[in-house]
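Each reported figure results from applying straightforward, stated rules to the coordinates on display, with no laboratory input. Predicted, not measured: the structure shown is a model, and the values here were computed from it. As a convention, Cβ positions derive from the backbone with ideal geometry for all residues, glycine included, and neighbour counts pool all protein chains shown.
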């Protein structure tokens, strides 16, 4: 267990408050931000802490989310500890600059409060924006509740600012279901939180006039390929040990353990659902009830979405007979993204698990325990038959006639 001197009290915070407090405790130098539901309270919180003298930083109000990330890029390139937050269409407006931030190796932290992307307009949570960012070169960590939103911010700063990494990182949480739902959050003292992340050490900053650098260069065919392959992809795949080391150090500090892949009742599981966000805890409750009935069910939660934990997932799933991947985003003409990731992970393995894809929860629609029980009933039929017994892809919780494909 952690030294109790490092722990503070339990606070009743929602996910936005938890993230804002983490930004205060690590003493972020610059937050450039533009408001958007449901992430606005994170940057509002930082602005309040600055106004009240709790942080010695700068809050920059800009005209758009594109400008917000552009401001963060400038501040990070100049040598500051930088963060911001956004959601959905704001995230989409940032996309161009997200690629610039990762290509320039700037350790910016972005809290993404996941929300549906219109049209039609919707302010509630799904994972459309999370999936949009998967190839942008950012580390992506996923919170299932406010406690995770708090803790993963510290881990994101710790990993991103490592001079062997220097890549930006996102911390995802479900819009409203996490961001606006208050729960007990075990907190760290200010000293422990700041000590874990450490004082910011600039690297290649533009204001170091004794060591001039160039940011945002143009490469064309001469060096673009090498930069993408060696400075981004190869580096990203090598980040996993750094994340694991940060998880281990944080566990010593706080007593809270995080893994690349979170598992529940997986020791002898024959059937498993794989999901992210708040759905993981819903699925865990259902699995405990099914286990009481003698059904060998399990849950896998993706904690680290990028870099993708391929080897760890292959090991966890090696003895499973049926898998249901739960995608909280509409794939529009193909199978879901999470389904594709899992299929690619298992393709060259000995695992012969039957794989189903379930689309659920779009625009904030609830995933109920009854829905998850129905999914496990499908998976049980697949286990018994040794093959797919239902359509490969189904929409769960959809009003009207059943919708399925493939």
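If you model the chain as an ellipsoid using its alpha carbon gyration tensor, with each semi-axis the square root of five times an eigenvalue, the axes come out at 36, 23, 21 Å, biggest first. As a proxy for reagent exposure, ranking 127, 163 by other Cβ atoms within 10 Å from fewest up yields 163, 127.
For the range 263-405, the square roots a ≥ b ≥ c of the C-alpha gyration tensor eigenvalues yield an a/c under 1.5, which makes the shape rounded.
Springs between Cα atoms under 10 Å define the GNM used for the chain, and in it the highest mean-square fluctuation of 278, 368, 334 occurs at 334. A P(r) calculated from all alpha carbon pairs of the range 198-258, with 5 Å bins opening at zero, reads 3, 14, 11, 15, 18, 15, 11, 8, 4, 1 percent. When 11, 199 are arranged by Cβ crowding within 10 Å, least crowded first, meaning fewest neighbours, the order is 199, 11. Could you calculate the FRET efficiency of residue 163 with residue 135 from 1/(1 + (r/R0)^6), where r is the beta carbon distance between them and R0 is 25 Å, rounded to 0.05? Computed FRET efficiency for residue 163 and residue 135: 0.50.
Among 156, 238, 85, the largest mean-square fluctuation in a Gaussian network model of the chain, built with springs joining Cα atoms closer than 10 Å, belongs to 238.
Taking each DSSP H run with n ≥ 4 as -39500 (n - 2.57) and averaging over every residue of the chain yields -11500 deg cm²/dmol at 222 nm. Ratio of Rg to Rh for the range 60-189: 0.96 [Cα atoms; Kirkwood radius as inverse mean 1/r over pairs]. Between helix 40-51 and the chain there is an angle of about 30 degrees, using the helix long axis and the longest principal axis of the Cα atoms.
Cα extents for the range 339-406 along the principal axes, largest to smallest and rounded to whole angstrom: 37, 25, 22. Mark the label point 7 Å from the Cα of residue 293 along Cα→Cβ and return the residues of the range 262-280 whose backbone N is within less than 16 Å of it. Once the point is set 7 Å along Cα→Cβ of residue 293, 270-273 turn out to lie under 16 Å by backbone N, inside the range 262-280.
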